[in-house]
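Only one structure is covered here, and it is reproduced in the block below.
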Amino acid sequence: MSRVTQRQRLQHSKARTLAALLGSIPVAIAVGVALTAVLPLPLGQRYLIGLYSVFPVWTAASAATLLASSGRRAWLALLGIGVGAVIVASIGLGLR
């Protein structure tokens, strides 16, 4: 393996790790807020479901970013899910 290829693999590894550590938590919180905003349940149940969904989403997002083929794809996946969750949350909160 050449030095350039090895350096690129190391940079992608760092980017994926940073995405898993720093990017997955805000995405998981955004998904939890989106669920709280759109579920047609009483307020207390919506909060519980939104709160309890954060940990599994955080775990799945961290695993998915670590399995991504590059750091760029990991960050783009987190960005797409996060933006989608924020849009859903803002629509759900705007309709209430």
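Looking at (i) 69; (ii) 85; (iii) 125, which value of volume of the Cα convex hull per residue in Å³ comes from a calculation on the structure shown?
(i)
Can you find, among 40, 84, 51, the residue farthest towards the positive end of the dipole of the chain? Put +1 on the C-beta of Lys and Arg, -1 on that of Asp and Glu.
84
Mind pulling the angle between the C-alpha long axis of helix 43-67 and the longest principal axis of the chain? Nearest 10 degrees, somewhere in 0 to 90.
Helix 43-67 and the main axis of the chain meet at about 10 degrees.
Let me check I've understood the local charge: for residue 75, count other residues with C-beta under 13 angstrom from its C-beta, Lys and Arg +1, Asp and Glu -1. What total comes out?
For residues surrounding residue 75, the net value is +4.
Hey, what angle do you get for helix 3-18 against the long axis of the chain, alpha-carbon based, 0 to 90 degrees rounded to 10?
20 degrees
State to the nearest 20 debye the size of the charge dipole of the chain about its Cα centre, where the only charges are +1 on K and R beta carbons and -1 on D and E beta carbons.
480 debye
For every helix of n ≥ 4 consecutive DSSP H residues, a contribution of -39,500 (n - 2.57) applies; sum these over the chain, divide by its total residues, and give [θ] at 222 nm rounded to the nearest 500 deg cm²/dmol.
Counting only the DSSP helices, I get -29000 deg cm²/dmol.
Any chance you could give the angle, 0 to 90 degrees and rounded to 10, that helix 24-38 forms with the longest Cα principal axis of the chain?
The angle comes out near 20 degrees.
Only counting other Cβ atoms within 10 Å, I'd like 91, 81 sorted with the fewest neighbours first.
Result, fewest neighbours first: 91, 81.
Read-outs throughout are calculated quantities, based only on the coordinates presented, and are distinct from any laboratory measurement. Bear in mind the structure is a predicted one, so any value in this text is a computation, not a measurement. Positions of Cβ are backbone-derived with ideal geometry, glycine not excepted, and every protein chain shown enters the neighbour counts.
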